[in-house]
Amino acid sequence: MHQPVLLQETIDYWLTDPNGVYVDCTLGGGGHLRHLIKFLSTKAQIIAIDRDKEILEASRKKLNLPNITFIHEDFRYLSQILSGLNISKVTGVLLDLGVSSMQLDTASRGFSYHENAGLDMRMNTEQRLNATEIVNHFSEEEIARIIYDYGEERYA
């Protein structure tokens, strides 16, 4: 099971009001939230966001509490999500950025070269474009630009 990073620091500095409004923008497997809800009252409002529908649904089953609202969306739309929920102020926002261990461990997701599986690498499997499409159909220049812009490889 995924071990959340900086958990104690998150508890110490993020949880400032047991009745507050908290947003986990990258819910993933729910590792942080599973621990954090122990310190929140039933009056707290929790918004759990993830762009990976499979992971979101798995976490919904594990964290099925009435004060958690699960949202399948990219956190870049946080402002619109909160507006749609009539929330104008939040107590804390959490972002644990990176690839989820669930994505790495599931061969069909195509994030790991340790498994013999297709190259997918989509954080949101509902998106059309996947890594196989990019590798097989993009030009060398387009791939170099992607690696340079997003892979932090300045010699691409």
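Using the Cβ atoms and a cut-off under 15 Å, what net charge is assigned to the surroundings of Glu153, where Lys and Arg are +1 and Asp and Glu are -1? Its environment carries a net charge of -3. Taking every C-alpha pair closer than 8 Å and separated by at least 6 residues, the mean separation divided by the residue count of region 51-118 gives a relative contact order of 20 percent. Candidate cross-link partners of Lys43 among the aspartates and glutamates, defined by an alpha-carbon separation under 15 Å and a same-chain spacing of 8 or more, comprise Asp17.
Report, ordered by chain and residue number, the lysines lying within cross-link reach of Lys38, taken as a straight Cα distance under 18 Å and ignoring same-chain residues fewer than 8 apart. Excluding near neighbours in sequence, the set is Lys61, Lys62.
If R0 is taken as 35 Å, the Cβ-Cβ distance between Ala117 and Asn67 corresponds to a FRET efficiency of 0.40. The mean sequence separation of alpha-carbon pairs under 8 Å and at least six residues apart, normalised by the residue count of the chain, gives a relative contact order of 20 percent. For Val93, the residues whose modelled amide H falls within less than 5 Å of its own, excluding neighbours fewer than 5 places apart on the same chain, are Val23. DSSP beta bridges confined to region 7-101 are antiparallel in about 0 percent of cases.
Dipole magnitude of the chain about its Cα centre, charges +1 at Lys/Arg Cβ and -1 at Asp/Glu Cβ only, in debye to the nearest 20? Please report the intermediate quantities before stating the final value.
On the way: 15 positive and 22 negative charges, 164 e Å.
Roughly 780 debye, rounded to the nearest 20.
To the nearest 500 deg cm²/dmol, what mean residue ellipticity at 222 nm is calculated for the chain from DSSP H runs of n ≥ 4 alone, each contributing -39,500 (n - 2.57), summed and divided by the residues? Intermediate values should be presented prior to the final figure.
Numbers: 7 runs with 54 residues, N = 156.
The per-residue figure over the chain is -9000 deg cm²/dmol.
Once the chain from Ser79 to Lys43 is taken as fully extended at 0.36 nm per residue, the excess over their C-alpha distance is 10.7 nm.
In square nanometres and to one decimal, what's the mean projected area of the convex hull around the Cα atoms of region 86-156? Result: a mean projected hull area of 7.7 nm².
Could you compute how fast the chain diffuses translationally, taking Rh as the Kirkwood radius over C-alpha pairs and applying Stokes-Einstein at 25 °C with viscosity 0.890 mPa s? Give it in µm² per second. Provide the component values of the computation, followed by the final result.
Details: Rh = 17.3 Å.
Translational diffusion coefficient: 142 µm²/s.
Determine the relative contact order of region 108-150: mean sequence separation of Cα pairs under 8 Å and six or more apart, normalised by residue count, in whole percent. It would help to have the intermediate numbers written out before the result.
On the way: 30 pairs, mean separation 10.0, N = 43.
After rounding, I find 23 percent.
Computed from phi, the 3J(HN,Hα) profile of region 54-68 under the Karplus parametrisation 6.51, -1.76, 1.60 (θ = phi - 60°) reads 4, 5, 4, 5, 5, 5, 4, 5, 6, 10, 6, 10, x, 9, 10 Hz, with x in place of Gly and Pro.
A short reminder: the numbers here are calculations on the coordinates, not readings from a lab. Predicted model, so just to flag it, every value in this text is computed and none were measured. For neighbour counting, all protein chains shown are included, and Cβ atoms are generated from backbone atoms with ideal geometry for every residue, glycine included.
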